Amino acid sequence: MRKSSDLQTKSWEFSNRIRLLHFIHFYILYMKKVLVTGGCGYIGSHTIVDLIDNGFEVISIDNLSNSTEESLYGIEKITGKRVRNYKVDLCDAKQTREVFEKHTDLVGIIHFAALKSVEESVFQPLRYFRNNLGSLVNILSCADEFQIPHLIFSSSCSVYGNATDLPVTEETSFQEAECPYARTKQMGEKIIEDFCKTTPAFSAILLRYFNPAGAHSSTFIGESPSNKVTNLVPVITETAIGKRASMTVFGEDYDTRDGSCIRDYIHVMDLANAHTKSLQYLIGKKNEQNCEIYNVGLGEGATVLEAVNAFEKTTGEKLNYKIGPRRAGDVVAIYANKDKASEHLGWKPTRSIEEIMKTAWAWEIKRTKGEG
Ligand code: NAD
Ligand code: WQD
């Protein structure tokens, strides 16, 4: 009699344990909590909106070295959700680990946090290597220790260097990096690939962004870096609103259709959605390959003069620009073949360069004049 009731108790305990395991499994799979590093920054904040719209719960780590927590208010206005940011430097292994200790139920990490100025990296290479690679190693160590299964990494088309065959595919080989920043992205990719080789239970996607631009259509978030702006689209909007007296088109003597450089401008909300799609893909992933690379661009090149023209046409504003000499280190032309991301991830950009200019301009008006 006693033996049978012992057995019953044991089998009851066993089934309860199974139920608990199922619950934990369900929680991790369906509550879908994601750590976004650099969540207060430009691409991070837009991606958080898209993640929340797709049912993810988000926490952020950002040391605010190139952002403020203002973006979190914007995210709250758009989504109704307040995201918690831990103001931690990811190069500090101890403090980073403490955040992971508080959140052992993460389904994945999207690692945006990095310094990103090409120009600055030329003069401060060690700062760039320390920040961009030190933080990555700490993140991977925590992923390993806390068994976080997935990672999405912000890479860049700058890993291709001065590519000659266009459009570039993911198979296009790296050329010499044009600057230490680009080298941190080349090295970051290799570090993740090596980690994946020794950690079969872990899977990563490396997203190579082309030229992200534009803002959320609500005008509650956009690009507002603490550091000096050098990218074309914010330079255009800052000139149009009068923060700059004029702007320079760097070179009109390149071998392109109008003599100015060609780039692939991708709307930041399309780029944001590529992260959500990547994470969903990793969560449901069946194949063996645990480190994959995808280009994230519109798949079309626009010249600098075409970009200026698109801005003037879309907004009705006249831009005060002059033609100047070439900028050192500029590649003549680069744009993406985006087929792999469309086929594997089911990702398709839907916004044109006109939409980029329209939303970037609305954001500029909002952040400068408080209107919109
Ligand atoms: P951003 O500067 O707006 O955002 C990066 C965020 O990371 C900032 O908020 C900054 O405060 C934070 N950060 C930096 N170092 C940190 C550290 N050690 N610890 C904690 N937080 C830290 O930049 P972004 O444009 O949003 O870029 C995001 C990522 O995408 C970066 O990795 C960048 O290299 C990459 N990327 C950007 C572009 C682009 O043109 N914006 C293009 C290709 C790739
Ligand atoms: C675009 C085009 C300029 C400003 C950089 C990084 C790359 C990636 C994206 C992070 C170029 C021209 C610009 C101006 C101009 N970032 N221009 N007048 O250089 O393609 O890429 O940002 O990973 O790694 O290198 O972007 O926006 O600076 O320039 O004529 O005032 O606009 O010469 O042809 P770039 P950009």
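So if I take the centroid of the Cα atoms in segment 148-192 and the same for segment 289-356, what is the distance between those two points in Å? One Cα centre to the other: 17 Å.
Annotation: extensible slack from residue 228 through residue 126 equals 34.7 nm (criterion: 0.36 nm per residue apart, minus Cα-Cα distance). Amide hydrogen proximity for residue 86: with H placed 1.01 Å from N in the peptide plane, the residues at 5 or more positions away or on another chain lying under 5 Å are 60, 61, 62. Near residue 293, the amide H atoms lying under 5 Å from its own belong to 206; only residues 5 or more places off or on other chains count, and H is placed 1.01 Å from N. Taking each residue as 0.36 nm, the span from residue 141 to residue 165 lengthens on full extension beyond its C-alpha to C-alpha distance by 5.0 nm.
Modelled this way, with points 7 Å down the Cα-to-C-beta line, the labels at residue 238 and residue 309 are 2.6 nm from one another.
Working from label points 7 Å from Cα in the Cα-to-Cβ sense, the residue 18 to residue 332 distance is 6.7 nm. A Gaussian network model of the chain, with springs between Cα atoms under 10 Å, assigns the largest mean-square fluctuation among 309, 211, 337 to 309.
Cys residues of the chain that find no other Cys beta carbon under 4.7 Å: 40, 91, 142, 157, 179, 261.
In terms of the Cα gyration tensor, with a ≥ b ≥ c the square roots of its eigenvalues, is the chain rounded because a/c is under 1.5, prolate because a/b exceeds b/c, or oblate? Here the chain falls in the prolate category. Between 168, 152, 111, the Cα set farthest toward the positive side of the dipole of segment 108-238 (charges on each charged residue's Cβ, about the Cα centre) is that of 111. For the chain, the longest principal axis of the Cα atoms and the long axis of helix 180-198 meet at an angle of about 20 degrees. Counting 0.36 nm for each residue step from residue 92 to residue 173 and taking away their Cα separation leaves a gain of 25.8 nm.
Here's the list of lysines a cross-link from residue 313 could span, going by alpha-carbon distance under 24 Å and ignoring same-chain residues fewer than 8 apart: 243, 322, 358, 366, 369.
Please report the net charge: other residues with Cβ closer than 14 Å to the Cβ of residue 184, K and R +1, D and E -1. For residues surrounding residue 184, the net value is +4. Could you work out how far helix 268-283 tilts from the main Cα principal axis of the chain, as a 0 to 90 degree angle to the nearest 10? The answer is roughly 30 degrees. Helix 2-26 against the longest principal axis of the chain: what's the angle in degrees, Cα atoms only, rounded to the nearest 10? Between helix and principal axis, roughly 0 degrees.
Here the chain is assigned +1 on the Cβ of each Lys and Arg and -1 on the Cβ of each Asp and Glu. Its dipole about the Cα centre then comes out at about 1220 debye.
Any read-out appearing in this document is the output of simple, stated calculations on the displayed coordinates, not a laboratory observation. What you see is a predicted model, and the numbers here were worked out from it, not measured in a lab. Note that we place each Cβ from the backbone using ideal geometry, even for glycine, and neighbour counts take in every protein chain shown.
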